[in-house]
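Contents: one structure, followed by commentary.
The values are calculated or read from the model by the stated rules, or taken from the named source; none is laboratory data. Treat the numbers as computed from the prediction; the structure is a model and nothing was measured. As a convention, Cβ positions derive from the backbone with ideal geometry for all residues, glycine included, and neighbour counts pool all protein chains shown. The accessibility values were calculated without ligands, DNA or RNA, using every heavy atom of the protein model including side chains. Shrake-Rupley method; radii C 1.70, N 1.55, O 1.52, S 1.80 Å.
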Amino acid sequence: MNYQESLEYLEELNTFGVKLGLSRIERLAELLGHPERKYDTIHITGTNGKGSVSCMTAGILTASGLRTGLYTSPHLFSYTERCKVDGKEISEEEFASCLTRVREAAEKMVQEGEETPTQFEVLTALAFLWFAEQKVNYAVIEVGLGGLLDSTNIITPVLSVITNVTLEHADRCGGTLEGVAQHKAGIIKEGVPVITGAEGIPLQIIEKVSEEKDAELMVLGRDFTGSFERFSDGCQELVFSSEKFEVRSLHYELSLLGDYQIANSALAVMAAVWLSQKEKAITPMALRAALKNAVWPGRFENMSIGKQHIRVDGAHNPAGIKALRASLDRYYPDMPRVFLLGILADKAIDEMLPALLRKEDVLVATLPDSPRAAEPELLVEKADVRHAEAEQDNEKALNRALELADEDSLIVCAGSLYLIGGLRQMLLQKEH
């Protein structure tokens, strides 16, 4: 297959939807020769922040001279964004080549009378295969959904990370916060250390599973801490400490902004500190270099058109929205805000809108590229702001937001990853 044929094949697989379970991916990996066993892995899940923690952890390993794969989802614009080695995306040619081999294995499964693998299972197998071909030392693997039954969960990592746990995907993960926590804790393997930023009931569940699995547990706020010192030259200046690992006041600059990135970076630093016991190449110098230059598209990302300030953020659930609002209040407390929002209909819209919007704000509501999208008129009806209007077409909505904002205003694009991927491409084209 070429790349275009690969996209058509993936679209065909999309009709099978999401099917949790490990039997299909296990057979697929077996037919491919278990590529996921040919390098060490770090497995990362959580409600929010797992992408950022994955990105930072992979960056630290790469800066330390270790060849490092990174698998994340979903993508913002292209499937190739999901697979990177040392920060470089898989090429369209490599993507098509690997997918051709995965498709052959998938078709053999069907011939054997088994179910067709899902799109995500095929993409996961592709990533495992490509990383093996690239001869990576480590692969940082982000969970797609939940953990326990996610197709990434066939790996046995050297380290597991659970960022935090709030109520999400409850329909697929047990229906309650406890059920979601059990699914996240499902990535914990026998004897494999765990790092977490979870609190409350989810932490209790993670502690219980860790004890049952004889897995060392490192908890943010107990075994290590991360704190904000100041904002300077476009970076957060932060401090990491861990008495348990004899690290006192490790100072570093972080290019990723947002209050939530303080905790996220502490998790990544803790992962690096733990790994440095084995990998002597992981040093404070490498860590600082990686975090100062970390880039994670669509996460409180700074963009601009002329003198117009824009922030693009993939916040799409109540916890993410509250974190976005906290970041806006920290860095832009007095700046007028024009929001360009698109939200999926199955999200907690009645909770998200008041958590994000102030009465003095302006809203342009638009339609995410998803069959689950909420009608923009619904957001306009529910928003308690100074001015709100709906525009279904994303490009027209962006142009309208630019019209409503002056040079002293901040435009904030958020609400759904199915929206900001396309908006981000439009903004990149307008920047040049």
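Table: residues versus (1) within 24 Å of Asp369 (Cβ to Cβ); (2) open to solvent by 20 Å² or more (accessible area, probe 1.4 Å); (3) β-branched (Val, Ile, Thr).
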site: Asp40; (1), (2), (3): no, yes, no
site: Thr47; (1), (2), (3): yes, no, yes
site: Ser64; (1), (2), (3): no, no, no
site: Gly87; (1), (2), (3): no, yes, no
site: Arg101; (1), (2), (3): no, yes, no
site: Glu107; (1), (2), (3): no, yes, no
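Scan the stretch 389-432 residue by residue and report those that are outside any helix (DSSP H, G or I) and open to solvent by 50 Å² or more (accessible area, probe 1.4 Å).
Listed by number, the residues that qualify are Glu391, Gln392, Asp393, Asp406, Glu407, Asp408, His432.
Would you call Glu199 open to solvent by 50 Å² or more (accessible area, probe 1.4 Å), within 20 Å of the chain's Cα centre (by Cα), more than 23 Å from Gln119 (Cβ to Cβ) and modelled with pLDDT of 90 or more?
The answer is yes for Glu199.
Across the stretch 365-396, what is the total count of residues that are within 27 Å of the chain's Cα centre (by Cα) and within 16 Å of Gly422 (Cα to Cα)?
Final tally of qualifying residues: 12.
Look through Leu159, Leu126, Leu149 and report the one residue that is modelled with pLDDT of 90 or more and open to solvent by 10 Å² or more (accessible area, probe 1.4 Å).
Unique residue meeting the criteria: Leu149.
Which one is surrounded by the fewest Cβ atoms within 10 Å (Cβ to Cβ), of the residues in the stretch 16-38 that are touching an Asp or Glu at 6+ places or on another chain (Cβ under 9 Å) and farther than 17 Å from Asp150 by Cα?
Only one residue fits best here, namely Leu31.
Can you report the number of residues in the stretch 202-214 which are surrounded by fewer than 17 Cβ atoms within 10 Å (Cβ to Cβ) and part of a helix (DSSP H, G or I)?
Residues in the stretch 202-214 being surrounded by fewer than 17 Cβ atoms within 10 Å (Cβ to Cβ) and part of a helix (DSSP H, G or I): 5 in total.
Which ones in the stretch 77-128 are within 20 Å of Ala58 (Cβ to Cβ), in contact with a Lys or Arg (Cβ under 8 Å, 6 or more places away or on another chain) and assigned to a helix (DSSP H, G or I)?
Within the stretch 77-128, Leu123, Ala127 qualify.
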